Amino acid sequence: MQTVSTTPLTVVANTIRGLALDAIDACNSGHPGLPLGCAEIFAVLYGRFLNHNPLNPKWAGRDRFILSAGHGSMGLYASLHIAGFEVNLDDLKAFRTLHSITPGHPECRETPGVETTTGPLGQGVATAVGMALAAKHLGARLHSPSAHQVVALAGDGCMMEGICSEASSLAGHLKLDNLILIYDSNDICLDGPTTECFTEDVGARYRAYGWNVTLIDGHNIDQIEQALESARSQTEKPSLIIAKTTIGKGSPTYQGSSEAHGKAFGKEESSATKSALGLPSDALFFVPDEVKTFFSNRIKIQTNRPPESSNHLQNTMSEETLNTIRITEVKPGLATRAISQALLQVIHDHCPSVIGGSADLSCSDSTLMKTGGILSADNYGARNIKYGVREFAMAAASSGLALEGLRPFCGTFLVFSDYMKNAVRLAALMRLPVIYQFTHDSFLLGEDGPTHQPVEHLAALRAMPTLTVFRPADTNETKAAWIAALSANSPTALVLTRQGINDTLTTSIDGALKGGYIVIRESDGPLDYSLIATGSELSLAVGCAAALTAKGHNCRVISLPSFEVFDAQSKEYQNEVLGNAAQTVSIEAQSSFGWHKYIGREGIAISIDRFGLSAPAKDLAQHFGFTVPAILNRLGVS
């Protein structure tokens, strides 16, 4: 490789440091340690290595850069500014202020050039794995193997997080040679030196995963560039570049100390740091002319790109496709997980962008597309991903797939949604159309017992903004859930049963698509009971209504498969569905949390607000009062 002059990039690196100091001081908040410690890495990435176009930041053939250590966001924002992205000096001055495009941690919907939202440590690495996998998959499917690289920058905190291990193990298994992970190894974490908590041999760990590993001086520009170019040419292995750096480099007082990590230096220390770096100590947000010229010339090269060509499969669901789901015949009496799998076979055939997998449970959570093949390093074009028992990495990688234009789904048991919750949350924050299939949805899964029986999980998912949760009752409602999920521009959770269910003749796809609707209407006269249920308990509510009607009571049965969709309907519609009964009752084999906004303070919640037990489902239903006689007894009806 030809050696390049390091002088321009040294100036670029120090310019990044100065901009980061000024922005952090301006709001008296932020993390200067990483921007100062990784400035040479940013300089090489944006000044030499990344193949992208700042004037067209969504160019399909671009390299992707992910700052997994998202607290170092000012290093990224400063780099984007000087590289020519639409991030101006006023944006840097507005760092961490209301409605700015430079928030505290990078957010992909806010800032041009930010590929994914990061901040919770380690997730950027797993999302990068998903993006690298998407590039391999799309290249294989479209017969145009992608040349673009996915580069992630992680710190000690990322490397300590379990998700990083999960994702890196998977990347090595899949031989994602288009993935480069730069490890900012500065031996310092927030609480002090890493000698107090993190002394493993990271390189040995990654070699065991099947990665190529290189150790460099993270402040030596030639070494950085040589390592990156070597990683670009690597085949059959992802690459880890361990960059030894000094946190807060340039600060006379704080460099090399945990004090540099997460607080503004203040005017005096920032001025001293600038002087040490050869920058004007009294100039704020200073960008030297030679840096402006350097990137102006680079942009001229970057804009000379081939015509935009899509590397995406068809992602928009046609009415014909959605109608095919409607008319698909499914055997009656199946568990909703089995109904979903039957629909998934149709979806595979009609939705080419759908890809998905499971955390070693596809035979149980019913996520296998039977003709989709198993994705591997020898077959990147297959559409079933075996994630192994890596729920958290699976969820974050699914976000990476979605960011690349695919329509991913992933599956596990509902009780294990807690393992992946933070990745689901980031997908919701980014409004990514990821579909989560959570099965074994209540204590009625039976003998596996309370460790596997979800109780509070449904309420927790429903509490998450922009995540739509569907708990369908039968075939019609499961069809509606998939139609809604495939039509959505934000994530959806499908919450499905292990046990078989009874199809209710009066359920409706169109009703379920409104989130809630009347399944059985009352007779004329005052309404005695409104029974509201979801999922497998809808048939129980129908049975209760029949028993109450036989005893002379006037009853309405309401299905409420999606709180979020129902709440989005007009107040008039909601009131029409809920009615004005003398007594409103909810029936759901989960926590009662969240139900009283529908049933009122005086409403009766048939629920489970304790952990379950290990026994057959029939015995558990009897024990916890999920039978018609038990519910009538709760209502005081004999």
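The values are calculated or read from the model by the stated rules, or taken from the named source; none is laboratory data. From a predicted model like this one, the values you see are computed outputs, not experimental measurements. FYI the Cβ positions are ideal-geometry reconstructions off the backbone, even for glycines, and counts take in every protein chain you see.
Remarks
- Test: residue in segment 113-131 that is without any contact (Cβ under 8 Å) to a residue 40 or more places away in the chain and among the polar types (S, T, N, Q): no
- Residue in segment 426-438 that is among the aromatic types (Phe, Trp, Tyr), in contact with a helix residue (DSSP H, G or I) (Cβ under 7 Å, 6 or more places away or on another chain) and surrounded by fewer than 24 Cβ atoms within 10 Å (Cβ to Cβ) present: no
- Criterion violated by Glu329 - all others in (1) more than 22 Å from the chain's Cα centre (by Cα); (2) more than 24 Å from Ala428 (Cβ to Cβ); (3) surrounded by 15 or more Cβ atoms within 10 Å (Cβ to Cβ) satisfied: (3)
- Some residue of segment 179-194 being of a type in the set (Phe, Trp, Tyr), in contact (Cβ under 8 Å) with a residue 12 or more places away in the chain and surrounded by 22 or more Cβ atoms within 10 Å (Cβ to Cβ): yes
Let's see how each residue does on (1) at pLDDT 95 or above; (2) assigned to a loop (DSSP other than H, G, I, E, B); (3) touching a Pro at 6+ places or on another chain (Cβ under 9 Å); (4) closer than 23 Å to Pro106 by Cα:
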residue	(1), (2), (3), (4)
His348	yes, no, no, no
Gly357	yes, no, yes, no
Leu368	yes, yes, no, no
Ala428	yes, no, yes, yes
Leu432	yes, yes, yes, yes
Leu444	yes, no, no, no
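- Meets criteria (part of a loop (DSSP other than H, G, I, E, B) and in contact (Cβ under 8 Å) with a residue 24 or more places away in the chain) for Leu322: no
- Residue in segment 452-459 that is within 20 Å of Ile355 (Cα to Cα) and buried (at least 24 other Cβ atoms within 10 Å of the Cβ) present: no
- Complete set of residues in segment 47-71 that are in contact with a strand residue (DSSP E or B) (Cβ under 8 Å, 6 or more places away or on another chain) and either farther than 20 Å from Thr293 by Cβ or free of Cβ contacts under 8 Å to residues at least 60 places away in the same chain (or both): Asp63, Arg64, Phe65, Ile66, Leu67, Ser68, Ala69
- Qualifying residue in segment 244-267 (condition: farther than 22 Å from Gly155 by Cα and part of a helix (DSSP H, G or I)): yes
- Residue that is farthest from Met394 (Cα to Cα) [pool: residues in segment 174-206 that are in a helix (DSSP H, G or I) and within 27 Å of the chain's Cα centre (by Cα)]: Val202
- Scanning segment 521-545 for residues that are surrounded by fewer than 22 Cβ atoms within 10 Å (Cβ to Cβ) and under 14 Å from Leu505 (Cα atoms) turns up Arg521, Ser539, Gly543.
- The numbered conditions (1) within 23 Å of the chain's Cα centre (by Cα); (2) buried (at least 19 other Cβ atoms within 10 Å of the Cβ); (3) under 19 Å from Gly30 (Cα atoms); (4) not small (Gly, Ala, Ser) are all true for His99 except (2).
- Residue check, Met74 in contact with a strand residue (DSSP E or B) (Cβ under 6 Å, 6 or more places away or on another chain), buried (at least 18 other Cβ atoms within 10 Å of the Cβ) and modelled with pLDDT of 95 or more: no
- Residue within segment 189-199 that is aromatic (Phe, Trp, Tyr), over 23 Å from Gly33 (Cα atoms) and touching a strand residue (DSSP E or B) at 6+ places or on another chain (Cβ under 9 Å) present: no
- Filter result for Ser79 (farther than 14 Å from Phe294 by Cβ and either surrounded by fewer than 24 Cβ atoms within 10 Å (Cβ to Cβ) or not aromatic (Phe, Trp, Tyr) (or both)): no
- Checked against (1) modelled with pLDDT of 95 or more; (2) in contact with a helix residue (DSSP H, G or I) (Cβ under 9 Å, 6 or more places away or on another chain), Ile374 passes all but condition (2).
- Counted as qualifying within segment 2-59 are the helices (runs of 4 or more DSSP H) with 2 or more residues that are polar (S, T, N, Q), namely 7-27.
- When we screen Ser239, Ser281, Ser257, Ser270 for residues that are assigned by TED's automatic domain parsing to the domain that holds Arg205, free of Cβ contacts under 8 Å to residues at least 24 places away in the same chain and out of contact with any Gly (no Cβ under 6 Å at 6 or more places or on another chain), the only hit is Ser281.
- Test set (1) more than 24 Å from Glu166 (Cβ to Cβ); (2) in contact with a Lys or Arg (Cβ under 9 Å, 6 or more places away or on another chain) - Ser230 fails condition number: (2)
- For segment 105-138, taking the residues that are within 21 Å of Val87 (Cβ to Cβ) and among the hydrophobic types (A, V, I, L, M, F, W, C), the one that is surrounded by the most Cβ atoms within 10 Å (Cβ to Cβ) is identified as Val114.
- All positions within segment 135-168 that are closer than 22 Å to Asp63 by Cα, in a helix (DSSP H, G or I) and either without any contact (Cβ under 8 Å) to a residue 40 or more places away in the chain or in the same structural domain as Val389 (by TED's automatic domain parsing) (or both): none
- Put simply, of Phe438, Phe416 the only residue that is outside the structural domain of Ser614 (by TED's automatic domain parsing), farther than 24 Å from His137 by Cα and part of a strand (DSSP E or B) is Phe438.
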